[in-house]
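Inspection log for the structure reproduced underneath, given as structure tokens.
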Amino acid sequence: MMPVYNYLLESYPIKREVMYPAHKRSELKRVYNNIVNLSKRSPLYKINISKDNQEYTFGIKETALELKAKIGGMADPETSGFDSRTIAVSDDRVLSAKLLKEDVEGLPEEINFQVDSLASIQINAGKELMLISRGLAPGDYEFNAKVMNQDYKLTYHHESRIENQHALKKMAEFINLALPGVNATVDRGLNPEYGRIVVMSEQAGKHGEPAFQFSDTDYYQTGVVEYFGLDRVEKPSDTAGFYINEVYRQTSTNTFNLDGKLRITLNETSEEPVTIKIVPDSEKILGAVEGVLNTYNRLLRIAHNRMQDNSEHFRASKLIGEMKSMEKMYSNELESCGITPDENGYLTLRDSLAVQASVDGTMESLFTKENGFIARLMEKAESIAINPMEYLEKTVVTYPNKEAKTFTNPYITSMYSGLFFSSYC
């Protein structure tokens, strides 16, 4: 039996998690005692150990064990997601937010934002110069620049009187290499025969103060700043202004961190407050729940396939009937979590109701309730794993001798000898 089981496991499409099956001595002892007690009261059966019967029996056993592992995993905050948190924003057109770390201690559960102004970068648009003209004389041009309160003295070397289209490009490249914090490009003017240099700051400056400035030195009558119009401000920079829980604040950028735990990005101004709430991570929770339901449905699918492919399927229909009876008994509990069964017993999630249940704690209650559907399902999965033969057709040979209280049926025990090796039980 053991070689057959190992052979089938290699080809069986189940990858069971090993984090949660019973490995504690007390748990293994309890499983062993359950098998022994089952053997005491079980009749002696004759079983047809055909390949189909073996695949079916091992299939429901392995799937039941995987179901136990998945349900057990829901008790672990790292896999269930019940302790995970995410951000809900009442109007994501105004701002977006995301958590920087799992630890949200110290953050209020609700934060109100009202955005008065957005941070904007400074833009200088230079003179429009005819591209084919040769206006800038050769020479060394000294000029001053100030970027975010940092002063620079620069010298630009112009070798020969070249066309403006090349002079514009050379000056833009020089600015980009010499000055951190700004970016210079060459744009075509309204007339395609003209071009100009556009300089933009990478960050916004303080309110009322320029992010950068250019000026020629005093002893140059016509310097490169004057020639290219580098000092022409088209759009001044400004800081972002907003209220957090009625306290006014300013930042030089539209994206910033709050208490090192929350990243906020401002998108537009708002007349009404926008609410940020820290809520359970419904996506992670529902992903874990889907894993449980998929395994549950796989167990039912094995039984349904048995009914379709094998004339001896009474026991498979018994398994389906027991699972559907549990669904009916706890239908209100499942419905409140957005879990609905179809006519074959397969369980599916209804997105809107399931999301709400994951946020308001109803879904967590489903998995932690001591006498609810999941608790009963855990018991059923363990029962199937210990005694998969319950759902296989067999012929009674003799009933156990109940007068001999310590009698155990060696035949029944031997049936499990290939089934509870290592972690398989």
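Every read-out reported here was derived from the displayed coordinates using simple, explicitly stated rules and does not represent laboratory data. What you see is a predicted model, and the numbers here were worked out from it, not measured in a lab. Here the Cβ positions follow ideal geometry from the backbone for every residue, glycine too, while neighbour counts run over all protein chains shown.
Taken along the Cα-to-beta-carbon direction at a fixed 7 Å, the label points for Y243 and F256 span 1.7 nm.
Model label sites at D103 and T348, defined 7 Å from Cα along the beta-carbon direction, differ in position by 4.3 nm. The label-point distance for E193 and D92, in a model that sets each label 7 Å from Cα toward Cβ, rounds to 5.1 nm.
Among the listed pairs K328/K394; K61/K284; K101/K324; K61/K277; K146/K261; K70/K318, a Cα-Cα separation exceeding 32 Å is found for K101/K324; K61/K277; K146/K261. Measuring r between the beta carbons of R263 and K46 and using R0 = 45 Å, the FRET efficiency lands at 0.10. Here segment 123-235 yields Rg over Rh of 0.95, to two decimals, using C-alpha coordinates and the Kirkwood radius. State the Cα centre-to-centre distance between segment 90-109 and segment 223-253 in whole Å. That distance is 27 Å.
What's the extension gain from N33 to R301 if we count 0.36 nm per residue and subtract their Cα-Cα distance?
Taking 0.36 nm per residue and subtracting the Cα distance, the gain is 93.5 nm.
Using the Cβ of S90 as centre and a radius below 13 Å, the other residues enclosed give a net charge of -2, where K and R count +1 and D and E count -1. For segment 43-118, the list of GluC sites (Glu not before Pro) that fall in a loop by DSSP and count at most 14 other C-beta atoms within 10 angstrom reads E102, E105, E109.
Using only side-chain charges placed at the Cβ, +1 for Lys and Arg and -1 for Asp and Glu, the dipole size of segment 123-235 relative to its Cα centre rounds to 220 debye.
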